[in-house]
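Note sheet for the following structure.
Read the figures in this text as sums done on the coordinates, not as results from a lab. Only a predicted model underlies this, so the values are computations on that prediction, with no experimental measurement involved. Every residue, glycine among them, receives a Cβ derived from its backbone with ideal geometry; neighbour counts consider all protein chains shown.
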Amino acid sequence: MIPPITLIYTYNDENLWNKFINKFGQAFVDTAAVEQAYADLSKLEMKGDEIDKYIATFEHLLARVGWD
């Protein structure tokens, strides 16, 4: 006889869905995202006087490649 399985989560348990989202993201991660961010960084240039947009894009790309 197989022992009964004890449920750890309920259907509407927030921890269940957080764990699912994390595992799903790990399984289906974009493997080329870092390489694309490096390429985008190498082509990044400021156009006109849009310094705020340039800085925001630069900081976003740094975060994607894992740099401080």
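Evaluated with a Cβ-only charge set (Lys, Arg +1; Asp, Glu -1), the chain carries a dipole of roughly 360 debye about its Cα centre, given to the nearest 20. Estimated from helical segments only, the mean residue ellipticity of the chain at 222 nm is -19000 deg cm²/dmol, where each DSSP H run of four or more residues counts as -39500 (n - 2.57). Scanning the chain for chymotrypsin sites (Phe, Trp or Tyr not before Pro) that sit in a DSSP loop and have at most 14 other Cβ atoms within 10 Å, the longest stretch containing none of them is 29-66. Neighbours of M46 by Cβ distance under 15 Å: Lys/Arg scored +1, Asp/Glu scored -1, total -3. Modelled this way, with points 7 Å down the Cα-to-C-beta line, the labels at D13 and E59 are 3.8 nm from one another. Sparsely packed loop sites in the chain (the GluC sites (Glu not before Pro) outside DSSP H, G, I, E and B with at most 11 other Cβ atoms within 10 Å) comprise E45, E50.
Out of these labelled values of Rg and Dmax of the Cα atoms in Å, [x] 13.9, 38; [y] 16.4, 52; [z] 20.8, 74, which was calculated from the coordinates shown here? Of the listed options [x] 13.9, 38; [y] 16.4, 52; [z] 20.8, 74, [z] comes from this structure. Note on the chain: dipole from Cβ charges, positive end direction compared against W17, T6, F58; the farthest Cα belongs to T6.
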